[in-house]
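Student: Submitted below is the structure of interest, expressed as structure tokens.
None of the figures in this text is laboratory data; all of them are computed from the coordinates on show. These numbers were taken from a predicted model, which means no experiment stands behind them. A quick note on method: Cβ atoms are made from the backbone with ideal geometry, for glycine too, and the neighbour counts reach across all protein chains shown.
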Amino acid sequence: QVQLVESGGGLVQPGESLRLSCVTSGFIFMRYVMSWHRQAPGKERELVAYIREDGHTTYADSVKGRFTISRDNAKNTVYLQMDNLKSEDTAGYYCNAVVGVGTPWVRPWFSDWGQGTQVTVSS
């Protein structure tokens, strides 16, 4: 029974920061590449960032230099530090694992998504 529980979202103004957390259970966390995804109204879910088992990180171009993904294997938790938030970052944010790293077909691994956490950036 895989569980993914996101938290930390909220309403902020442009330029402000948030830190999202995803507490997981039901799988061997340290063996998986963990990820954050987001979905805005009317758009498909997109991959925001992922972090490999060895700590190497990868980001979507739209968030490079502003977001930082990290993980704490002792807590089975993945984080997303979001700085200099922009209106276009408004979305529901979800964590998962990804497979296919190193190929053109990176995709989410767990079919059961968490409830997500809403991030709204508005002045």
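Student: Just to confirm the filter: which trypsin sites (Lys or Arg not before Pro) across segment 57-97 are DSSP coil and have at most 14 other Cβ within 10 angstrom of their Cβ?
Tutor: Loop-located and lightly packed - LYS64, LYS86.
Student: So for segment 1-118, taking the charge dipole from beta-carbon charges (+1 Lys/Arg, -1 Asp/Glu), which of ALA60, GLY8, ALA91 sits furthest toward the positive end?
Tutor: ALA60
Student: OK, next. Please return the longest stretch of the chain lacking exposed loop sites, where GluC sites (Glu not before Pro) count only if DSSP places them in a loop and at most 15 other Cβ atoms lie within 10 Å. Numbers along the way, then the final one.
Tutor: Values: sites that count: GLU16, GLU44, GLU53.
Free of exposed loop sites, the longest segment is 54-123.
Student: Counting other C-beta atoms within 10 Å, and keeping those with at most 10, which DSSP coil trypsin sites (Lys or Arg not before Pro) do you find in segment 3-58?
Tutor: Counting only loop positions with at most 10 other Cβ atoms within 10 Å, the trypsin sites (Lys or Arg not before Pro) in segment 3-58 are LYS43.
Student: Shape of segment 47-118 from its Cα gyration tensor (a ≥ b ≥ c, root eigenvalues): rounded if a/c is under 1.5, otherwise prolate when a/b > b/c, or oblate?
Tutor: Values: a/c = 1.31, a/b = 1.25, b/c = 1.04.
Rounded, because the longest to shortest axis ratio a/c is under 1.5.
Student: Right, next: Each label point is 7 Å from the Cα along the Cα-to-Cβ direction; what then is the distance between the points at ASP61 and ASP112, in nm?
Tutor: 3.7
Student: Rounding to the nearest 20 debye, state how big the charge dipole of the chain is about its Cα centre with +1 on each Lys and Arg Cβ and -1 on each Asp and Glu Cβ.
Tutor: Here the size comes out at about 120 debye.
Student: Give me the one-decimal nm value for the distance between modelled label points at LYS86 and THR68, 7 Å along each residue's Cα-to-Cβ direction.
Tutor: My value for the distance between the label points is 2.0 nm.
Student: Contact order normalised by length for the chain, with contacts defined as Cα pairs under 8 Å and 6 or more residues apart; what percent is it?
Tutor: 35
Student: Could you work out the local net charge near ARG45, counting Lys and Arg as +1, Asp and Glu as -1, over the other residues with Cβ closer than 12 Å to its Cβ?
Tutor: Details: positive: ARG38, LYS43, ARG107; negative: GLU44, GLU46.
After counting each charged neighbour, the total is +1.
Student: Now for a different question. Gain in length, SER17 to GLU46, computed as 0.36 nm per residue apart minus the alpha-carbon separation, to one decimal in nm?
Tutor: The SER17-GLU46 span can extend by a further 8.4 nm.
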